[in-house]
Structures are given as C-alpha cells and as structure tokens.
1. Using the reciprocal of the averaged 1/r over all distinct C-alpha pairs, how large is the Kirkwood radius of the chain in Å?
2. Given the convex hull of the Cα atoms of the stretch 118-171, what is a quarter of its surface area in nm²?
3. About the Cα centre of the chain, how large is the charge dipole given +1 on each Lys and Arg Cβ and -1 on each Asp and Glu Cβ? Please answer in debye to the nearest 20.
4. With springs only between Cα atoms under 10 Å apart, run a GNM on the chain and tell me which of Gln48, Gln129, Gln66 wobbles the most.
5. Take the alpha-carbon centre of the stretch 129-191, take the same for the stretch 1-49, and report the distance between them in whole Å.
6. Excluding residues on the same chain fewer than 8 positions from Lys63, give the lysines whose Cα lies under 16 Å from its Cα.
7. Return the calculated 222 nm mean residue ellipticity for the chain, to the nearest 500 deg cm²/dmol, obtained by summing -39500 (n - 2.57) across DSSP H runs with n ≥ 4 and dividing by the residue count.
8. By per-residue mean of other Cβ atoms within 10 Å, what is the highest-first order of 82-91, 97-106, 222-231?
Amino acid sequence: MAQLNQKIAIVTGAGGGFGQGIASAYVKEGARVIVADIHAPAAQQVAQSLGANASAFTCDVSKADQVKALVAHCVATFGVPDIVVNNAGTTHKNRPMLEVDEAMFDKVFAVNVKSIFHMAHAVVPLMRQQQRGVILNIGSVAGIRPRPGLSWYNASKGAVNVLSKSMAVELGPENIRVNAICPVMGVTGLFEDFMGLPDTPTNRAKFLGTIPLGRFAQASDVAAAAVFLASDAAEFFTGLEMPVDGGRTI
C-alpha cells in the first residue's frame, strides 16, 4: 500500500526544486496535494503534470491572508490537510553580513520564518479538530553548522529548526507531529546565491569538498525524508532536526 494513501497535503514552494520533488513523491505515494507557489505558472505546470490528485494555488507565504486562502482552498478542494510542508524559502546572496540591507533581511525572515507563524495560525486549529496532523518545516544545515557569508539566512534557518522543536513539544499532546528537515545545498534556483560565486566546476568543487558523500542534495533525497516523516510509520517521530546532507554536519 502507498505510504500516504488518502492523505491530504499542502506543499509550499512546490513550483520547483525540493518542493516539486516532495509534491511529486506525495502524489506517487497516494496523497492529494495542493501545489502552492508564489509563481502561478510554475505551480500550475507542476500540478498539471501530477494529474487529478494535485491542485495549484498561487500564494505569497509571507502574507497572512494568502496563507489563510491557501488552507481554505485545500479544505474546499480535497479536505482538511493531514500534512503541511513549509518548504517555501529564500536567501540573500552569499556576502559579508553588513552588505545585506534591511529590506533583504526582512524578506528572508518573512518568507523563511514568519510564513510558519501564518501557516500555524491557519492550520493548527483544523488539525486540533481532527486530533492529528503532521507539520514539516524545511530548515537547513545552515541552521546547524553555518557558513560565513550567509549569516542572516543562517539565522532564519536556525529559527526554523528551533521553532520546529518548540512546536513539537507544544503540539505533541494533541497528536500533531512537527519535524524539521535540514538539507545541504542543492542545485535549485537559489544555488548561485548560496555560493555567492558563478556556478563553475571549480567553484562547485569548493563546496563539494565539505560534503563527505561528495554530491549536493537532490530533490529526491529531501522527498524521501518528507515521505517517511509524514507517514504513519513515523508516528513516534517528532521534534527531529533531520539533516539530509551527505554528512555535511558531522
């Protein structure tokens, strides 16, 4: 039997990268998925490729009204979500910390951290009514072992990682599990911003040298963790800060 048979999920930032990989894996494992992304064409393309068990929704996760509308769309389309994956994220370009301006700082924290605040307000009351739920927050190894040049991004992901643990403690008695998945960098739309360098073989080698398994994270790696942690097989797993990093954080 499929691991997520008849489950209903929302995946943010699912128009590409890790989010697309998670949404695709969820549908493959029997879930019905809302593919949410700030870029409408990307969300629509992914949802169409996944068929009748996926529905696209355009959402800026930093805006409370749009997150509420996203959850309402899920309820109207498929039902109350069993699973929410807070995957949407952004970063500033890799550079000295004082070269990041206030507007970019605010954007990084609004998209990476405040979005979880908005989603919690929208979805936790519904999960409480159902007396079950799974929330997966996509953190980062940057919040565990930070690199220089991404200080404000690192701080935002540190907040995600700790927030996930705190939510797990508070919501555990209500049978709502919360975990953080912490990938190492992958070749996504933010790849060059993370490096702060042109994407050349030489520059890639500098970063690959810090990953014992010798490659960057792939969407399938993150999706595998997201499938397991959302499944009934993980019913006793909560408050994890799970690196998906090829050994980067050792």
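We did not get these values from a lab; they are worked out from the coordinates using the rules stated. Bear in mind that the values here come from a model prediction, so they are computed numbers and not experimental data. Every residue, glycine among them, receives a Cβ derived from its backbone with ideal geometry; neighbour counts consider all protein chains shown.
1. Values: mean 1/r = 0.0556 Å⁻¹.
Across the chain, the inverse of the average 1/r is 18.0 Å.
2. Numbers: hull surface 15.9 nm².
The directionally averaged projection comes out at 4.0 nm².
3. Working: 20 positive and 19 negative charges, 51 e Å.
It works out to roughly 240 debye.
4. Evaluated over the chain, the most mobile residue of the options is Gln129.
5. 19 Å
6. Straight-distance partners of Lys63: Lys107, Lys114.
7. Details: 9 runs with 107 residues, N = 250.
So the helix-based figure for the chain works out to -13500 deg cm²/dmol.
8. Numbers: 82-91: 25.8, 97-106: 12.0, 222-231: 22.5.
Descending mean neighbour count gives 82-91, 222-231, 97-106.
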